[in-house]
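Novice: Take a look at the following structure, please.
The values are calculated or read from the model by the stated rules, or taken from the named source; none is laboratory data. In this text the structure is predicted, and so the values were computed from the model without any measurement. Every residue, glycine among them, receives a Cβ derived from its backbone with ideal geometry; neighbour counts consider all protein chains shown.
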Amino acid sequence: MLATLWDLLQAQGHAGAPPEPVRYQLWGAWLLARRRTTAILWELRCLAAELPLIEGGRPVLLKGVAYIVRDLPGARSRLCGDIDLLVPRAEIDRVERMLYWSGWSRGELDPYDEQYYRQWMHQVPPLQHRRRRSTLDLHHNILPETVRQPPEPARLIERAEPIPGDPVFATPTPAHMVIHSAAHLFADSEWDKAVRDFYDLDRLLRHFGEQHGDAFWDELLTEAQAMACGRQVYYALRCCSRWFATPVPVTVLARLRRFAPAAPIRAVLERLFGLATRAHAAGPSPRRTAASRALLFVRSHWIKMPPLMLMRHLFHKAFLSPREESP
């Protein structure tokens, strides 16, 4: 968000307003984001030559990389650390094997974590290139297989839009970009990064709403229901409209209300979302923020796993996982 703040100050002609130490800090963050964007685009060119031909649709770029290649608002100042790529489930083993011979490999995992990724997660273990040191998350879905209603990734892959001048990759449709961002945020456990994710949603909703009008909102509602992500989209649009004044049509929020939980649960969760999203400049987070993030961490695991699997997972992580030795 530091690079984004500098971008906004430049756009509004106030780049000289902050004190010099603050100005240099923001400018440095912006330079880092631009450098990371250049590195990501170069890495995509390398990856395009390493991927095999995939049946069932082009590999789909997700999240920050998709925003960058589409040059969406805010993308140039967004710090993007790795590449998220979605391929059909039937193709993921073959793609991983081909990437291995091109220099991509996973880190060391204990047998439990290996099984956890292979059987229950929505991606294979993260891959890193042995020479370039870049990181790739290879997905076959946008949420784990263990959620109560897993999304149908075939809809996202089949409707993905080719990138002009790029014969290899595609990106999700505008509606699917929003759905994936919302699904990732409200099933995630890392709420210390939620400000950036809400800002992403605000930028996407503003841009696509202005660009496509009612057609975008209608498609968003249709696809959210079809992909079993109606509740996540409801939370995303409600929070963005309240906190960022995102111009979401009232009729859209009214149509999404059928996906909302009961009023007491909704009130508690929205309170937790607000507290957990608060950023603090230095020092430990206040107790309410820390407690809210801890509760949402528990919630993220609860909605991703059936109760017995969750108990087994927590027991293994607490008592059986190998621990790193102190230096």
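Novice: Kindly list the number of the only condition in (1) touching a His at 6+ places or on another chain (Cβ under 9 Å); (2) of a type in the set (S, T, N, Q); (3) not assigned by TED's automatic domain parsing to the domain that holds P306 that fails for S189.
Specialist: (3)
Novice: If you go through the range 83-104, how many residues are aromatic (F, W, Y) and free of Cβ contacts under 8 Å to residues at least 24 places away in the same chain?
Specialist: So the count comes out to 2.
Novice: Are there any pairs with C-beta distances below 7 angstrom linking a residue in the range 304-327 that is among the basic types (K, R) to a residue that is at pLDDT 75 or above, with the two at least 6 apart or on different chains, and if so which?
Specialist: Going by the 7 Å Cβ cut-off, the qualifying pairs are K304/P144; K304/T146; K304/V147; K304/A187.
Novice: Follow-up question, since we're still on this one. Can you give me the number of residues within the range 218-230 that are on the phi < 0 side of the Ramachandran plot and either surrounded by 21 or more Cβ atoms within 10 Å (Cβ to Cβ) or among the small types (G, A, S) (or both)?
Specialist: 7
Novice: I'd like to verify a number: residues in the range 7-58 that are under 24 Å from V69 (Cα atoms) and free of Cβ contacts under 8 Å to residues at least 60 places away in the same chain, how many?
Specialist: Qualifying residue count, the range 7-58: 27.
Novice: I've got another one for you. Mind telling me which of the residues T4, T38 ends up being among the polar types (S, T, N, Q), part of a helix (DSSP H, G or I) and surrounded by 18 or more Cβ atoms within 10 Å (Cβ to Cβ)?
Specialist: Result of the check over T4, T38: T4.
Novice: Okay, next question. Where in the range 73-186 are there helices (runs of 4 or more DSSP H), lying wholly inside it, with at least 3 residues that are out of contact with any Ser or Thr (no Cβ under 8 Å at 6 or more places or on another chain), under 22 Å from A226 (Cα atoms) and assigned by TED's automatic domain parsing to the domain that holds E210?
Specialist: Ranges flagged: 174-186.
Novice: Would you mention how many residues in the range 45-73 are under 15 Å from R34 (Cα atoms) and touching a His at 6+ places or on another chain (Cβ under 9 Å)?
Specialist: 2
Novice: From G103, G81, G56, grab the single residue that is at positive phi and exposed (fewer than 13 other Cβ atoms within 10 Å of the Cβ).
Specialist: G56
Novice: Further question: For W30, only one of the following conditions fails: (1) touching an Asp or Glu at 6+ places or on another chain (Cβ under 7 Å); (2) more than 24 Å from H176 (Cβ to Cβ); (3) part of a loop (DSSP other than H, G, I, E, B). What is its number?
Specialist: Unmet condition: (3).
Novice: Return the pairs, sorted by first residue and then second, in which the second residue is part of a loop (DSSP other than H, G, I, E, B), the first residue lies in the range 152-174 and is among the hydroxyl-bearing types (S, T, Y), the beta carbons are less than 6 Å apart, and the residues are 6+ apart or on different chains.
Specialist: Within 6 Å, the pairs are T171/R70; T173/R159.
Novice: Okay, next question. Do we have R203 as buried (at least 18 other Cβ atoms within 10 Å of the Cβ) and charged (D, E, K, R) here?
Specialist: The answer is yes for R203.
Novice: Only one residue in S292, S285 is within 30 Å of V22 (Cβ to Cβ), surrounded by 13 or more Cβ atoms within 10 Å (Cβ to Cβ), of a type outside the set (K, R) and at pLDDT below 75. Which one?
Specialist: From the options S292, S285, the qualifying one is S285.
Novice: Out of all the residues in the range 211-254, which are aromatic (F, W, Y) and part of a loop (DSSP other than H, G, I, E, B)?
Specialist: Within the range 211-254, F244 is the sole residue that qualifies.
Novice: OK, next. Restricting to the range 41-72, and then to whatever is part of a loop (DSSP other than H, G, I, E, B) and of a type in the set (D, E), can you tell me which residue is nearest to R130 (Cα to Cα)?
Specialist: Checking each candidate, the answer is E55.
Novice: Would you please list the contacts, defined by Cβ atoms under 6 Å and residues six or more apart or on different chains, that run from a residue in the range 252-270 that is in the same structural domain as E223 (by TED's automatic domain parsing) to a residue that is part of a helix (DSSP H, G or I) and at pLDDT 90 or above?
Specialist: V252/W217; R255/L221; L256/Y234; F259/G230; F259/R231; F259/Y234; A260/Y234; A260/R266
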